[in-house]
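The values are calculated or read from the model by the stated rules, or taken from the named source; none is laboratory data. Quick caveat, the model's predicted, so the values are computed rather than measured. Heads up, the Cβs are rebuilt from the backbone with ideal geometry, glycines too, and the neighbour counts pull from every protein chain shown. The accessibility values were calculated without ligands, DNA or RNA, using every heavy atom of the protein model including side chains. Shrake-Rupley method; radii C 1.70, N 1.55, O 1.52, S 1.80 Å.
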Amino acid sequence: AIQCRITTEDPANGFAPDYGKIVNYRSAAGFGIRLDAGSGDAGSVITPYYDSMLVKLTAFARDYDTACDRIGRALREFRIRGVKTNIPFLENVIKNEQFRNCQATTRLLDNNPELFQFKPKRDRATKLLNYLSDVTVNGNETTKGWSPKRVLPQPQVPVLRNKEIPKGTRDLLLELGPDKFCDWIKDQKRLLVTDTTFRDAHQSLMATRMRTADMLNAADVVAHDTSGIFSLEMWGGATFDTSMRFLKECPWERLSLLRERIPNILFQMLFRGSNAVGYSNYPDNVVAGFVKHAADSGMDIFRIFDSLNYLPNMKVAMEAVREHGKSLCEATICYTGNIEDPKRDKYSLDYYVKKAKELEKMGAHIIAIKDMAGLCRPSAAKKLVKALKQEVGLPIHFHTHDTSGINSSSILSAAEAGVDIADLAISSMSGSTSQPNLNSIVAALEFDERATGLNLQALNDLSYYWEDVCIAYTPFITAPRSGTAEVYEHEMPGGQYTNLKEQGRAMGLGPRWREIAQTYSEVNDLFGDITKVTPSSKVVGDMAMFLTTKGIKPEDVTNLKPGSVDWPQSVVGFLQGNLGQPENGFPQQLQDVVLNGKDATTKRPGELAEPVDLEAVRAEVAKIINREPTDDDLYSYLMYPDVYKDFQHSLNTYDKLSPLPTGAFFYGLELEQEISVEIGPGKTLFIKLISIGEPNQDGKRTVFYELNGMPRESVVTDKSVATSAHTKLKGDPTNASHICAPMPGLVTEVNWKVGDTVAE
């Protein structure tokens, strides 16, 4: 027999729950005991009332090793919440080689200081209950108050048609290598298809809010039954930011989990050249390091673009992909204007052909046409693809959006002209600001020489699944319900449309959307007619929102006195050349007014940025997370330091939220609703909401659950009834002493006090 003495100490804050009682229980590990305070799962000790407490744990076996194993398991199954215990120390003792070999003496602790080195228990169940309590009582601020008013049904995942995972394009790339694989692409008669459902489709339709859990539910079907897909665009763009900011997920973990489940199809990401997956220019070593780490993590195709078609900004990323040797460099030309309109000769057919030839010389494997706003009309698509196929010896990949409602025709015209690959989205995730309908294009080409060879029934099965999934994302779906020709006027990228519309609504400008869209178009003219895609499109959007709120007409900007207006920082940086150089440069008058004497540059921004000391940044991150950072941590922090810190705070507070069902994550639980949450292999929590108590004088409610059949409770502050001490102050439009900012921002300095006279 082996006996352990488990001790506890009350924490410094004097936490003192109900008295507990000791109850015998038996588990697979042998005999044990638990302290039951009336709300715990088997084998748990719920925070005792006592200042300290001692529990003796005994395990019996026929031999010493088995007895050690049994008591080790009993220790692992013990749960003591709210207080410190010596259990981690006892676990280390049981594992110690001297102890296991019966060679321990009274000097064991002196000679083995590592016995006192251990990680604290994560206590994931308690943290998840705290999150569920908060979102159930207070709601999720990102859902704008929308509630499904019922328990959302679990979307039905299609039944697998193929038992085995067939070989796909990724297998072929690994076998042939990038250059020979590109030869294979050019030899294909069928139209190859990139499915954007996992990235651009939900970015364009629902503000990039799709959770990894919903993708993983479809992953097996994709791998088994749609193995003929050329690639899956599932990463990059805005997903890197929003996954941490709004979904509290690690983008690198999404890549890893999907790569594990879909090993046979190429993964594709959108990479913003020198902006990587951020909104500003990063030093060259950061861009190259990010590319290498992403490729090592399972990324196959890097669709690299520059928001201004400023090719020098793409050079570092393209070289990094080529140097890696196992991934494909898809260099991209952003399409704007109309090559058939003689009045828009700035972006003519010759312009695009010239850019493509330059990218071919720079080392591209594939040339992509990125029609981010859906402006490429069917006849223009045919002319453009035909010219590129004649002038460039690389595969051509066509990307567009269906904002106008006619871009399925653009895909078919491009296919007729010989385009090698086209971007499409599963039917229930297609149309409007998303990509054209994948299922319909497959059906349209079924008996054509360019038939895709994809299984239409399997694609329809996936469409039914995604249709059910979309119900949970209702508050984020702000895309037009039908095609609109206004896109030819404002030329807004599909991925920006929903985000900018949502930003306007959040600022109280929802009813003025048509005015914002018109201002967006006029700002583009003010900037000299630029290509608009993140981050340049964000600059246009920022300026449009700013001018709308200020009541300034774009045509009047160049008549303003320099320094008379505090312009958005993104606009100032843009006109300084921080994003690169647009075609034909910047309008000089506009620069004079906005920059007010600030220096501007015509050099590549990366040349001006000092290399980042990656090891110094790694040490900085280590202080934030109290552990050795992985490369995932390093590059997440480099891209979005503040967002990363907030994400880590969420992890510390609630642990990983990605295992929660989507309905529970966004809207909490209904009374008597039960969910299952797999927090690890073989570790599933069954959580049922029993009741919600009345708020006390501090606005705190007790929320009661059943966790794996045992009663548990969680305390949460109800923000709607909390005392004024806990209420966050906001500007009040009815209060003459308050001035409500027209845009989100941060108060950095207050120069005056009440009663001062302020001169113009």
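Counting only Cα atoms, the size of the stretch 470-536 along its three principal axes is 41, 24, 22 Å, in decreasing order. Computed on protein heavy atoms with a 1.4 Å probe, the accessible areas place T702, T332 in the order T702, T332, largest first.
So if I place +1 on the C-beta of Lys and Arg and -1 on the C-beta of Asp and Glu, and nothing else carries charge, what would the dipole magnitude of the stretch 338-386 be about its Cα centre? I want it in debye, nearest 20.
Roughly 40 debye for the stretch 338-386.
Axis of helix 456-469 versus longest Cα principal axis of the chain: the two differ by about 60°, to the nearest ten degrees. Entry note, the chain: the mean residue ellipticity at 222 nm calculated from DSSP H runs of n ≥ 4, each adding -39500 (n - 2.57), is -11000 deg cm²/dmol after division by the residues and rounding to the nearest 500. For M639, the solvent-accessible surface computed with a 1.4 Å probe is close to 10 Å², ligands and nucleic acids excluded. Charge tally around G528: other residues with Cβ under 10 Å, Lys/Arg +1 each, Asp/Glu -1 each, net -2. Size estimate for the stretch 308-405 follows the Kirkwood approach: the inverse of mean 1/r over distinct Cα pairs works out to 13.9 Å. Grouping the Cα pair distances of the stretch 557-688 into 5 Å bins from zero gives a pair-distance distribution of 2, 8, 12, 11, 9, 10, 10, 10, 8, 8, 5, 4, 2, 0 percent in increasing distance order. The phi torsions of the stretch 149-155, fed into the Karplus equation with coefficients 6.51, -1.76 and 1.60 and a -60° offset, translate into couplings of 6, 6, 6, 5, x, 6, x Hz, rounded to whole numbers, with Gly and Pro shown as x.
When the listed pairs K121/K163; K167/K354; K186/K538; K121/K700; K186/K343; K189/K532 are checked against a 31 Å cut-off, the alpha-carbon distance exceeds it for K121/K163; K167/K354; K186/K538; K186/K343; K189/K532. Across the stretch 565-580, computed HN-Hα scalar couplings (Karplus, 6.51 cos²θ - 1.76 cosθ + 1.60, θ = phi - 60°) run 10, 8, 6, x, 4, 5, 6, 4, x, 4, 6, 7, x, 6, 9, x Hz from first to last residue, x flagging Gly and Pro.
In Å², what does the accessible area per residue of the stretch 251-405 work out to with a 1.4 Å probe? Walk me through the numbers before you get to the answer.
Details: 4600 Å² over 155 residues.
Using a 1.4 Å probe on heavy atoms only, each residue of the stretch 251-405 averages 30 Å².
For the stretch 111-181, the solvent-accessible area of protein heavy atoms averages 66 Å² per residue (probe radius 1.4 Å; ligands and nucleic acids excluded). Summarise the accessible area of the chain (1.4 Å probe, protein heavy atoms) by the percent that is carbon and sulfur. The C+S portion of the solvent-accessible surface of the chain is 49 percent. So for the chain, averaging the separation of alpha carbon pairs under 8 Å that are six or more residues apart and normalising by length, what relative contact order in percent results? Dividing the mean separation by the residue count of the chain yields 14 percent.
Evaluated at 37 °C with a viscosity of 0.692 mPa s, what Stokes-Einstein diffusion coefficient in µm²/s does the stretch 634-698 have when Rh comes from the Kirkwood expression over alpha-carbon pairs? Walk me through the numbers on the way to the answer.
On the way: Rh = 14.5 Å.
Once the numbers are plugged in, D ends up at 227 µm²/s.
Rolling a 1.4 Å probe across all protein chains gives C68 an accessible area of roughly 0 Å². The angle separating the long axis of helix 64-77 from the principal Cα axis of greatest extent in the chain is about 60 degrees.
Taking only the C-alpha atoms of the stretch 527-588, Rg followed by Dmax gives 11.5, 30 Å.
Would you mind getting the accessible area per residue of the stretch 440-520, heavy atoms of the protein chains only, 1.4 Å probe, in Å²? Write out the running numbers ahead of the final one.
Details: 3760 Å² over 81 residues.
Counting only protein heavy atoms, the per-residue value for the stretch 440-520 is 46 Å².
Here L412 sits with roughly 60 square angstrom of accessible surface, probe radius 1.4 Å.
Here is the P(r) of the chain: all C-alpha pair distances, binned every 20 Å from 0, give 14, 43, 31, 11, 1 in whole percents. Measuring how big the stretch 99-141 is from its alpha-carbon positions, Rg and Dmax come out at 20.9, 59 Å. Taken one residue at a time, the phi angles of the stretch 426-436 give Karplus couplings (6.51, -1.76, 1.60, θ = phi - 60°) of 3, 3, 6, 10, 10, x, 6, 7, 7, 7, x Hz. Gly and Pro are set to x.
Compared with the dominant Cα axis of the chain, that is its longest principal axis, helix 284-296 is turned about 60°.
For the set V754, V137, solvent exposure ranked by accessible area (probe 1.4 Å, protein chains only) runs largest to smallest as V754, V137. Of the listed residues W513, W235, the order by accessible area with a 1.4 Å probe, largest first, is W513, W235. Computed log10 I(q)/I(0) for the stretch 668-722 at 0.18, 0.28, 0.31 Å⁻¹: -0.64, -1.05, -1.15, from the Debye equation with unit scatterers placed on every C-alpha and solvent omitted.
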